[in-house]
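Below is one structure; the comments refer to it alone.
Values quoted throughout were computed directly from the atomic coordinates according to the rules given, and no laboratory measurement underlies them. Computed from a predicted model, the values in this text were never measured in an experiment. Here the Cβ positions follow ideal geometry from the backbone for every residue, glycine too, while neighbour counts run over all protein chains shown.
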Amino acid sequence: MSPEKTPILKVSKLVKRFGGFHALDGLSFHVVPGEILGLVGPNGSGKTTAINVISGLYAPDGGEVVFDGASSGGVASHKLVHRGINRTFQVPKPFLSLTVRENIQVALAYGGAAGAPSIAELLEEYRLKEVADRPAADLNSAQQKMLDLTRALATRPRLLLLDELAAGLNPAELDWIAGRIKALAATGMAIIVVEHLMGFIEQITDRVIVLNAGKEIFEGTLATAVREPQVIEVFLGGEHAH
Ligand SMILES: Nc1ncnc2c1ncn2[C@@H]1O[C@H](COP(=O)(O)OP(=O)(O)OP(=O)(O)O)[C@@H](O)[C@H]1O
Ligand SMILES: [Mg+2]
């Protein structure tokens, strides 16, 4: 990451409430083009909620989200897809009765951008060629995650949000997807990776934000994070991360 780059995303004092509960409680961070930023923290710390707010699934209750110089908090997901934000889901929800190819076609029809990869390229690069004409319901969970990723990439995002994409992958698949994610970042895409697998986070991220109870408690490299008493306390003191 070159320090002179302007952030493509800036989140300031973000608040998201569910009833009286503050799932996000003043979260601030930024990400620059080409950077892979890890978002880590124990279960329930607000990682998915942060992605849901940044991707427009939820409107924030406070604070600001600025994407590419324009306020984006509360803007609907489909509009943000066209502005250049897309994401994968912790639990992918493909159209189960449609084939893999048709699922990607839907994403292209809905959010396809100039210069987006072709269906053939996506099927090849994300190891879905063999199952291209099978219904998404037939895929195993790793393949469903790859389909979810191709669906996001079909819209050619400049900011890609990955929510536990690597969970459930075997070591060889992890190495392979780490390489794919790094290759995407090398094209200038900003990527936020939510993950519990610290080895994977270590392998791919430039920097991490550690979340606890909806707030940032650490920002820096993972190597430094694991020596911070507050970070150790959060990971070892509470409910154990899966
Ligand atoms: N739609 C919702 N309605 C009510 N509470 C919610 C909702 N979404 C999230 N929460 C609550 O907000 C908190 C943060 O949830 P979130 O899913 O963001 O955590 P997370 O860090 O992604 O956890 P995990 O690592 O288990 O995926 C949790 O206490 C959760 O129960
Ligand atoms: Mg989550």
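Observations, loosely collected:
- Prolate/oblate/rounded call for region 86-225, Cα gyration tensor, a/c under 1.5 rounded: prolate
- With the simple model of a label 7 Å out from the Cα in the direction of the Cβ, R227 to L57 spans 3.6 nm.
- With 5 Å bins beginning at zero, the pair-distance distribution over Cα atoms of the chain amounts to 1, 7, 14, 18, 20, 17, 12, 7, 3, 0, 0 %.
- Working note: 222 nm ellipticity from helices only, DSSP H runs with n ≥ 4, each -39,500 (n - 2.57), summed and divided by the residues of the chain, gives -10000 deg cm²/dmol to the nearest 500.
- Length available on full extension from N170 to L96: 0.36 nm per residue minus the Cα-Cα distance, which gives 24.3 nm.
- Within region 94-115: backbone nitrogen closer than 13 Å to the D138 label point (7 Å, Cα to C-beta): 97-102
- Unsatisfied cross-links (Cα-Cα over 21 Å) in the set K10/K47; K16/K93; K47/K215; K10/K79: K16/K93
- Every pair of different Cα atoms in region 94-156 enters the Kirkwood calculation, which places the hydrodynamic radius at 11.1 Å.
- Part-to-part distance (alpha-carbon centres) for region 168-184 and region 48-107, which is given in Å: 22 Å
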